[in-house]
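Comments concern the structure below.
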Amino acid sequence: MNDQQYTASSITALKGLDAVRKRPAMYIGSTGSPGLHHLVYEVVDNSIDEALAGYCTRVDVTIHPDNSVSVVDDGRGIPVDYHAEEKMSALQLVLTTLHAGGKFNNSAYKVSGGLHGVGVSCVNALSVSMTAEVFRDGNVYSMEFCRGLAVTELKTTSGAADKRGTKITFKPDPTIFETVEYSFDILSKRLRELAFLNKGIIINVADERVDGKSHEFCYPGGLSSFITYLDENKTPLHPAPICFSQMREGVEVEIAMQYNDSYNENIFSFANNINTVDGGTHLSGFKTALTRTVNSYIEANNLLNKNNKVEIKGEDLREGLTAVISVKLPNPQFEGQTKGKLGNSEIAGIVNTSVGEMLGTFLAENPAVAKKIAEKCVNSAIAREAARKARMLARRKNGMESAGLPDKLADCQERDPSKCEIFLVEGDSAGGSAKMGRDRTFQAILPLKGKILNVEKARIDKIISHEEIQVMVQAFGTGFGKSEDDDGFKIEKLRYGKIIIMTDADVDGAHIRTLLLTFLFRHMPGLVENGNVYIAQPPLYKLKSGREERYVYSDNEKESVLQDWAEKKNIVIQRYKGLGEMNPDQLAETTMNPDSRTLLQVKLEDTIEADRIFTMLMGEEVEPRRRFIEDNAEKVKNLDI
């Protein structure tokens, strides 16, 4: 387009909800599964805001057989009276207009999660149909919409004298979303979280696609119950979570925390019920107060052995800590519509002061618990110092300071990390096949010896001293440890855009894969969050009849092929128990060649649930693992022992 063509006619003004349909990811994060489920959260958030205001006690979420969803609450009901300025009912205004709602002054809601006022109107815009029913004043008021536009006038019927609240039913638009299939489990996890954060509210989720499938969540214990749930598979250092809440300067600060015998830090922060996955000022205030208060207690009570001569840092005070920080404030400032980080600068000081006062009082009044916490923190500092020395020794030993690479690494020729991939392969046999079958231009192979250390049961100094872990860290190029440390993990130094775990399709292979995933999740989470981790999918079987061969990747696929081959004779079925059983050409064709392979990308959609699963599968407690095996035993179809 030249200068003469750039006129007023070149400018497009999107009206109403057109902007949402044109750029949906700007409003709900994505058009994939996360965005699809975000629609439900936006509607539920309105009901929770009613609960925060003291008017709602119950929320019911139902997935219908056609993947439409209903959300019903017993709040006040969306206003339906005529809005003189906008010349439409308040209900139509709320559901069809961006930045319209009761959350922009503090008269209707003192606290709300739906800050931007685009929530339910966005859901309407991205739904092929929406029906709103409001129960107020003894009447039922209803309207129907399609892709953000009203298709009926406001209808009024009487006969609901004892009922109040709002019911929103919507069906996502299949032309917008990559999938319109709702996951009962994903919705359940978020709704359980909301029940923990809002003490006493009843939240029910039901799936009409499966007979009788439903969960009801209600936690009178609030955040204390949340901590108990998070630490279900861990051994606590003290019997009950430490809980306190305080109202300060119009902000409600609620904290629950408990130390356990693990070596991992799990702190989850929320602002107005929104999971601030990227933290923010409330999390900073908590960490600052925790470091100052516990350090002061250790010094005041002479609990640090002077012979150790070790400085206790914030990370030492958070080892083995599970904590939930929840703040509720009138005018939250979030970064972006998905609200991943709280930005209100004043909140850091408010949380810092509140935690300092309340935690300081708790430690003074509970010396036995305080001493256990102090001992764990001191031992963590000693281990961290040992890990630092081990890291330095590893660097000198392996030549890491001069960018040396492990001897066993078969590196690739390409130097652009976005084009490179590295296969983590179990054993020399599979490693040999992989080296011969790879495209050395962009594919690197790192054979690993046996099963790596289970990092869930090991302290940091033991982890960094483990040879196979050193080799991986060295090959990846990212460093290891806290990102804020000078020599810590740095995603920008990653040498390979894809890290592909390629193990045998048997029990040992699954165990090795789980050990590697545990290490990456606990100590290099940036790789998972950045989408760099993948799992290779080697075939389970090769089917052969005459000259025709088929590789299949599951038992269902095998049965399907055998049905198609029903007329064929002399069918030979080969079960691959190890990658080493395939020759290099077969391995390349089925598992390594980008044109013919299948990769599973490892995604971190629910940090809370991921932590619980890794702890259960790899932690010290045997009983939760036994229950998991018993509950899932019937689902196992192939077990090689």
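General remarks:
- Counting the residues of the stretch 183-219 that are part of a loop (DSSP other than H, G, I, E, B) and either free of Cβ contacts under 8 Å to residues at least 12 places away in the same chain or of a type in the set (Lys, Arg) (or both) gives 4.
- Matching residues in the stretch 431-457 - criterion: being in a helix (DSSP H, G or I) and either β-branched (Val, Ile, Thr) or touching a Pro at 6+ places or on another chain (Cβ under 7 Å) (or both): 431, 433, 436, 437, 455
- Enumeration of residues in the stretch 535-552 that are surrounded by 15 or more Cβ atoms within 10 Å (Cβ to Cβ) and either of a type in the set (Asp, Glu) or within 13 Å of residue 589 (Cα to Cα) (or both): 536, 537, 538, 539, 542, 550, 551, 552
- Filtered residues of the stretch 151-172 (kept if in contact with a helix residue (DSSP H, G or I) (Cβ under 8 Å, 6 or more places away or on another chain) and crowded, with 19+ Cβ neighbours inside 10 Å): 166, 168, 170, 172
- Among the residues of the stretch 572-629, the ones that are over 23 Å from residue 426 (Cα atoms), in contact with a helix residue (DSSP H, G or I) (Cβ under 9 Å, 6 or more places away or on another chain) and at pLDDT 80 or above come to 1 in all.
- The single condition among (1) touching a residue at least 60 places away in the same chain (Cβ under 8 Å); (2) more than 20 Å from the chain's Cα centre (by Cα); (3) surrounded by 17 or more Cβ atoms within 10 Å (Cβ to Cβ) that residue 222 does not meet is (1).
- In the stretch 270-319, the residues that are free of Cβ contacts under 8 Å to residues at least 24 places away in the same chain and either within 30 Å of residue 41 (Cα to Cα) or among the charged types (D, E, K, R) (or both): 299, 306, 309
- Members of the stretch 180-215 found to be β-branched (Val, Ile, Thr) and either at pLDDT below 95 or surrounded by 21 or more Cβ atoms within 10 Å (Cβ to Cβ) (or both), listed by number: 186, 201, 203, 205, 210
- Criterion (among the polar types (S, T, N, Q) and either within 21 Å of the chain's Cα centre (by Cα) or under 22 Å from residue 477 (Cα atoms) (or both)) met by exactly one of 593, 556, 532: 532
- Scanning the stretch 558-569 for residues that are surrounded by fewer than 14 Cβ atoms within 10 Å (Cβ to Cβ) and either of a type in the set (Val, Ile, Thr) or at pLDDT 90 or above (or both) gives 559, 560, 563, 564.
- Beta carbons closer than 8 Å, at least 6 apart along the sequence or on distinct chains, pair a first residue in the stretch 29-44 that is surrounded by fewer than 23 Cβ atoms within 10 Å (Cβ to Cβ) and among the small types (Gly, Ala, Ser) with a second that is modelled with pLDDT of 90 or more and assigned to a loop (DSSP other than H, G, I, E, B) for 32/177; 32/178; 32/179; 33/178; 33/179; 33/183; 35/177.
- Unique residue being modelled with pLDDT under 90 and aromatic (Phe, Trp, Tyr) when the list is 489, 423: 489
The values are calculated or read from the model by the stated rules, or taken from the named source; none is laboratory data. In this text the structure is predicted, and so the values were computed from the model without any measurement. Neighbour counts run over all protein chains shown; Cβ positions are idealised from the backbone, glycine included.
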